[in-house]
Amino acid sequence: FPYVSRILGVDRLGRYNFAASIISYFILLSGLGIQAYAVREGAGIRDMRQDFKRFCDEMFTVHILSSIGTYLLLAILLVTAPVFRSYEALLFILSLQIVFKAIGIEWMFSIQEEYAYITFRSMLFQMISLILLFVFVKTENDINRYAAITVISGAGSNLLNFIYARKYCRIGFTKRINWKKHTKPIMILFAMSLTVTVYVSSDITVLGFLCGDRAVGIYAVSSRIYTIVKNILSSVIIVSIPRLSALSGKGSKEDFCLVAEDIYRTLLTLVLPAVTGILILNREIILFIAGPSYLEASLSLCLLSAALFFCFGAYFWGQCILVPMKHEQALFRITLLSAVMNVVLNLILIPLGGSNAAAFTTVIAEGVAYFYSRQKGKKYINLHGIKTTFGKSLIGCAGITGAAFICRQVFLNSYVYTISTITVSVLVYAAIEFALKNQAVTGIIYHMKFKLRPERFSGRKESKHE
């Protein structure tokens, strides 16, 4: 991204992100709610070979059929909406993601908890894409090449998925689909995903329509940093959903609560210092990621960093509690409220405040989603020790702030200051949390020791929390 933002420039980067935001709606439409539904339902039957094979064939067929319908709708949009004529090439290239995601059957590997494979595969094709980027994207006119390379990184992963899936079953088309069983939950989860996408992507879409490509280009930087941090931290939740779904399906409420508590503690321990770090280093991060041309994104990045806390709270209560416990209708209503509020606020505030207003509406939308999903989730599950972890993490964040202040006085060079602040802050935060016996940190240290020297722990009985 640092390379692309400098080569393409603000306007072309904004142009790409606006086109990508449009295609994101069509990718969502083609996927329906299959990903979330397949993970939830498939986790309970993954050991039943015949049932699992039949279920996978059904999900694959539904996704292919929905992708065909999505391409028809996209063609109609391009023919009937003159505003998109100048974006036709970009939209066509980016739309290839639709078909590749259909054959990628990503949900199968989440069901099987194949996270080592997912990691290796993603790193491999990201490296290939990075090489292609440096070879073929040289000027601001190479925007279509850049779009094609972003598609290639996903396409390669999806093709490899289709081949590797034979380890579990040979997926193919089927005419025998239990529409009565699958349609309602898939459509509810789709509606929920749609509303999430609306309030995640509507800021860029509305910004593009009302303020132009340059405003989108500025906002794209803060949005990209926000998305990178969100994707890294959300892995804590993503890898846990199949396990929670399996525990919920078995009726193991005590074990479900213990796993959920562990996830929430880990999230708080990671999210709070991430927010603190972005608030402290927002200008330095933008200079490193994109350059001085994008410094206008500083305030919007600060606002989006605040949104991270609410985002993960809502994500936890929604995806880890309400969805595995099959209360997706309640989550849909919450998400719909947030989406409508976000779109309305975007239309009102973006003409007045541009990219900063777009970031502010995201904070509001995430806050509303967090408040209501937490309120609903607490009716079904009680989590213990969360306030204690929150307090310990805040003390650690105070340590980060102090470390950053000292580094600011000592190091005058921007890059040296940034690197030293990050390094010292990580060490200070880890030391404080360890001293305070934050369970998320002590648990990680215990498991690291176990991996390195399992013989020392062979005779020791673990507690349920461990």
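The values are calculated or read from the model by the stated rules, or taken from the named source; none is laboratory data. Only a predicted model underlies this, so the values are computations on that prediction, with no experimental measurement involved. Cβ placement follows ideal geometry from the backbone for every residue including glycine, while neighbour counts extend to all protein chains displayed. To get the accessible areas, we keep the full protein, side chains included, count just its heavy atoms, and leave off ligands, DNA and RNA. Shrake-Rupley method; radii C 1.70, N 1.55, O 1.52, S 1.80 Å.
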Exercise for the section: Please find, within the range 418-428, the residue that is least open to solvent (accessible area, probe 1.4 Å) out of those that are free of Cβ contacts under 8 Å to residues at least 60 places away in the same chain and farther than 23 Å from Ile263 by Cα. Expected result: Ser420
Exercise for the section: For Ile22, state whether it is assigned to a helix (DSSP H, G or I) and under 21 Å from the mean Cα position of the chain (by Cα). Expected result: yes
Problem - Residue pairs meeting the criteria (Cβ under 6 Å; at least 6 apart or on separate chains; first in contact (Cβ under 8 Å) with a residue 12 or more places away in the chain and open to solvent by less than 60 Å² (accessible area, probe 1.4 Å), in the range 172-195; second hydrophobic (A, V, I, L, M, F, W, C) and in a loop (DSSP other than H, G, I, E, B)) - result: Ile186/Leu32; Phe190/Leu32
Problem - Qualifying position, being out of contact with any Leu (no Cβ under 9 Å at 6 or more places or on another chain) and modelled with pLDDT of 90 or more, among Gly385, Gly353, Gly399 - result: Gly399
Fill in the blank from the handout: Ser393 fails exactly one of (1) open to solvent by 20 Å² or more (accessible area, probe 1.4 Å); (2) at pLDDT 90 or above, namely (1)
Problem - Some residue of the range 388-402 being more than 30 Å from Gly44 (Cβ to Cβ) and not in a helix (DSSP H, G or I) - result: no
Handout entry: Unique match (being more than 30 Å from Gly9 (Cα to Cα), in contact (Cβ under 8 Å) with a residue 24 or more places away in the chain and open to solvent by less than 70 Å² (accessible area, probe 1.4 Å)) among Ser110, Ser95
Key = Ser110
Fill in the blank from the handout: Among Phe310, Phe316, the single one that is under 19 Å from Val229 (Cβ atoms) and touching a Gly at 6+ places or on another chain (Cβ under 7 Å) is Phe310
Completion exercise
Of Gly217, Gly212, the only residue that is open to solvent by 20 Å² or more (accessible area, probe 1.4 Å) and touching a residue at least 24 places away in the same chain (Cβ under 8 Å) is Gly212
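Matching residues to (1) out of contact with any Ser or Thr (no Cβ under 6 Å at 6 or more places or on another chain); (2) open to solvent by 90 Å² or more (accessible area, probe 1.4 Å):
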position	(1), (2)
Lys387	yes, yes
Ile400	no, no
Ile406	yes, yes
Val416	yes, no
Practice task
Mind telling me which of the residues Gln319, Gln329 ends up being of a type in the set (S, T, N, Q), open to solvent by 60 Å² or more (accessible area, probe 1.4 Å) and touching a residue at least 24 places away in the same chain (Cβ under 8 Å)?
Solution key: Gln329
Exercise for the section: Among the numbered conditions (1) farther than 19 Å from Phe162 by Cα; (2) without any contact (Cβ under 8 Å) to a residue 60 or more places away in the chain; (3) surrounded by fewer than 22 Cβ atoms within 10 Å (Cβ to Cβ), tell me where Asp11 comes up short. Expected result: (2)
Handout entry: Subset of the range 119-169 (residues that are hydroxyl-bearing (Ser, Thr, Tyr) and free of Cβ contacts under 8 Å to residues at least 12 places away in the same chain)
Key = Thr119
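Every residue, every condition in (1) open to solvent by less than 10 Å² (accessible area, probe 1.4 Å); (2) farther than 19 Å from Tyr37 by Cβ, yes or no:
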site	(1), (2)
Arg265	yes, yes
Asn282	no, yes
Ile285	no, yes
Ala297	yes, yes
Cys302	no, yes
Pro324	yes, no
Practice task
From (1) in contact with a helix residue (DSSP H, G or I) (Cβ under 9 Å, 6 or more places away or on another chain); (2) surrounded by fewer than 12 Cβ atoms within 10 Å (Cβ to Cβ), pick out the condition that doesn't hold for Thr80.
Solution key: (1)
Handout entry: Residue match in the range 432-440 (condition: outside any helix (DSSP H, G or I) and crowded, with 20+ Cβ neighbours inside 10 Å)
Key = yes
Fill in the blank from the handout: Checked the range 40-59 for anything more than 15 Å from Lys250 (Cα to Cα) and open to solvent by less than 10 Å² (accessible area, probe 1.4 Å); matches are Phe52, Cys56, Met59
Exercise for the section: Kindly indicate whether any position in the range 133-156 is touching a Gly at 6+ places or on another chain (Cβ under 9 Å) and either modelled with pLDDT of 85 or more or basic (Lys, Arg) (or both). Expected result: yes
Handout entry: Filtered residues of the range 356-385 (kept if open to solvent by 20 Å² or more (accessible area, probe 1.4 Å) and either outside any helix (DSSP H, G or I) or in contact with a Ser or Thr (Cβ under 6 Å, 6 or more places away or on another chain) (or both))
Key = Asn356, Val368, Lys378, Lys379, Tyr380, Asn382, Leu383, His384, Gly385
